[in-house]
Ligand SMILES: C[S@@+](CC[C@H](N)C(=O)[O-])C[C@H]1O[C@@H](n2cnc3c(N)ncnc32)[C@H](O)[C@@H]1O
């Protein structure tokens, strides 16, 4: 089964082309294939995301704004890490909504990272592939908030990596917010996320403060003279580190 079977593809030709790329799956955790895929997409990635209404960034900003004070948002000493920062679109949305604090990024693909560098938003952008077996480049810096849109998935960053992200990179009291697709195809992956979070909760390391469905992408399709809204289901989660 593919995700495609779960929802109809856009009928508008430009949206269809963009969404076909957005909806392409690489082999799970195959970094050779993943790097080739993003190497070829990096320069046009932002155009595709302009063609398809994508809601994860606005959902992220709404949730962070409810958790982080205005003073913190504007403080250089308040540090956010954008994991799988891609071309830097989380950074763009955060800046547009008054987050003038320090933002760093970790991203696996050099070509995507070049696009993010050009946006001149991030303090440090590190190229690094996050896996359960690689050492995360923390450089002695822990973050007040870590965010990730589109990085934790059944093809990209494994659920088990949440443990190191929280342990190594997050300050006590800090928030880790991430969004995942909530499709049938993502079901097993989302179960593995649940298992990792349950383990961290059972040791008192974290509390889960938010788990909420949202429309990840949405678009209209025209069929037989009528318009239908299609939404690809997503899930936002936020946890807080307790110890
Ligand atoms: C769908 S893009 C999302 C980019 C960005 N967060 C956004 O919202 O536009 C997924 C990104 O995850 C990166 N990625 C994939 N696997 C990764 C890994 N194991 N570690 C770090 N980044 C990874 C890819 O290179 C790509 O830039």
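Working only within the stretch 133-149, note down all residues that are crowded, with 21+ Cβ neighbours inside 10 Å and either out of contact with any helix residue (DSSP H, G or I) (no Cβ under 7 Å at 6 or more places or on another chain) or outside any strand (DSSP E or B) (or both).
148, the sole residue that qualifies.
Does the stretch 25-44 include one or more residues that are near the ligand (Cβ under 9 Å from one of its atoms) and buried (at least 19 other Cβ atoms within 10 Å of the Cβ)?
Looking for residues that are near the ligand (Cβ under 9 Å from one of its atoms) and buried (at least 19 other Cβ atoms within 10 Å of the Cβ), one finds at least one in the stretch 25-44, hence yes.
Residues are listed down the side, and each one gets a yes or a no for (1) without any contact (Cβ under 8 Å) to a residue 60 or more places away in the chain; (2) in contact with a strand residue (DSSP E or B) (Cβ under 7 Å, 6 or more places away or on another chain); (3) outside any loop (DSSP other than H, G, I, E, B):
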{"residue": "15", "(1), (2), (3)": "no, yes, yes"}
{"residue": "25", "(1), (2), (3)": "no, no, no"}
{"residue": "49", "(1), (2), (3)": "yes, no, yes"}
{"residue": "60", "(1), (2), (3)": "no, yes, yes"}
{"residue": "63", "(1), (2), (3)": "no, yes, yes"}
{"residue": "93", "(1), (2), (3)": "yes, no, yes"}
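Just one of the numbered conditions (1) at pLDDT 95 or above; (2) exposed (fewer than 14 other Cβ atoms within 10 Å of the Cβ) is not true of residue 20; which one?
So residue 20 meets the others, but not (1).
Looking at 173, 150, 140, which is the one that is within 30 Å of residue 231 (Cβ to Cβ) and either touching a residue at least 24 places away in the same chain (Cβ under 8 Å) or more than 14 Å from the chain's Cα centre (by Cα) (or both)?
Sole residue among the options that is within 30 Å of residue 231 (Cβ to Cβ) and either touching a residue at least 24 places away in the same chain (Cβ under 8 Å) or more than 14 Å from the chain's Cα centre (by Cα) (or both): 150.
The values are calculated or read from the model by the stated rules, or taken from the named source; none is laboratory data. Not measured: the values here are computed from a predicted model. As a convention, Cβ positions derive from the backbone with ideal geometry for all residues, glycine included, and neighbour counts pool all protein chains shown.
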